[in-house]
1. Taking θ as phi - 60°, what are the ³J(HN,Hα) couplings along segment 197-212 by the Karplus curve (6.51, -1.76, 1.60), each to the nearest whole Hz, with x for Gly and Pro?
2. Under a point spin-label approximation (7 Å from Cα along Cα-to-Cβ), what is the K15-Y236 distance to one decimal in nm?
3. Using θ = phi - 60° and the Karplus relation 6.51 cos²θ - 1.76 cosθ + 1.60, list the HN-Hα couplings for segment 180-192 in order, rounded to whole Hz, with x at every Gly or Pro.
4. Roughly how big is the chain's charge dipole about its Cα centre, with Cβ charges of +1 (Lys, Arg) and -1 (Asp, Glu), in debye to the nearest 20?
5. Amide H to amide H, which residues 5 or more places from S27 or on other chains are under 5 Å from it, using H placed in the peptide plane?
6. On average, how much area does the Cα convex hull of the chain cover when viewed from any direction, in nm²?
7. Would you calculate the separation in nanometres between label points at Y144 and Q195, each defined as 7 Å from the Cα along the Cα-to-beta-carbon direction?
8. Given the rule -39500 (n - 2.57) for each run of at least 4 DSSP H residues, summed and divided by the residues of the chain, what is its mean residue ellipticity at 222 nm, to the nearest 500 deg cm²/dmol?
Amino acid sequence: MNIMIRNLIKKEFLKTATSTLYRHKDSIIKKTPKNNNFPKNEANILKTINHKNIIKLDYYEEDLINEYLMMKYYPYGDLHYNLQENIINIKNYDSIINDLIDPICYLHNNNIVHLDIKCENYLVDYLKNNEKKMILFDFNLSNYHNSASYYDLLDIDVKVGTKYFMAPEMDDYKFSKASDVYSLGSMLYCIYAKQYYKKEINYDLLKDTPDNIISIIKDSTNENSKERPTIFDIKYYYLN
């Protein structure tokens, strides 16, 4: 490993289930052990994709024990924090709803599934005139889905995802592109209802929610993965 990069890894910034993050000036260094059971696709995926709403990989190195990814640091935190602190007003949220959906469309077009879609995995970037842009990150659990059908269920060796956002087929060590759609629906419910989706929709909590968003939540969280809309259906049909 480059000695200069090693010297940058000092004070721990955040520890997750799969990685340790270190802050260095305007960058985050993500150290991930090679000996965990999770997919090892993050670096390869980030090296090959380019989208305005997906975090960019600035530098990558590895040694015998760890992988090291250097990426931009976003000081305004994630979407979960910004919603919880009322920094982002839900009534104005429709203006950036495409920022949540567009990167998933891009990934699915490239036969990649994120498998951990949730508010905590969208960073908030502030642009000119106080406009906000969502940045999808944390591809630690991501995988490739090269099947001919959007809905074909493929095997995974280890259960991945986050409780309340994880598609039911992932409990059986299966996934498809529709697994991301389920997570998106669960996340939208969490945003608009202000509580986690627990296999049941409380429509009273969605009384001020636009009808098309309610339809996305309802259809995307179908227990049968083959009956969920595709992410392209959501973008070009539900939102138009």
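1. Values, residue by residue: 7, 10, 6, 8, 9, 9, 5, 4, 7, 10, 5, 9, 8, x, 4, 5 Hz.
2. 4.7 nm
3. Using θ = phi - 60°, the values come out as 5, 5, 4, 5, 4, x, 5, 5, 5, 4, 4, 5, 8 Hz.
4. Working: 31 positive and 33 negative charges, 151 e Å.
Dipole about the Cα centre, nearest 20: 720 debye.
5. Close amide H contacts, sequence-distant or interchain: Y73.
6. Numbers: hull surface 53.2 nm².
Computed as one quarter of the Cα hull surface, the answer is 13.3 nm².
7. 4.3 nm
8. -7000 deg cm²/dmol
Here, each number is a calculation from the coordinates, and none is a lab measurement. What you are looking at is a predicted structure, and each value in this text was computed from that prediction instead of being measured. Virtual Cβ from ideal backbone geometry, glycine too; neighbours counted across all protein chains shown.
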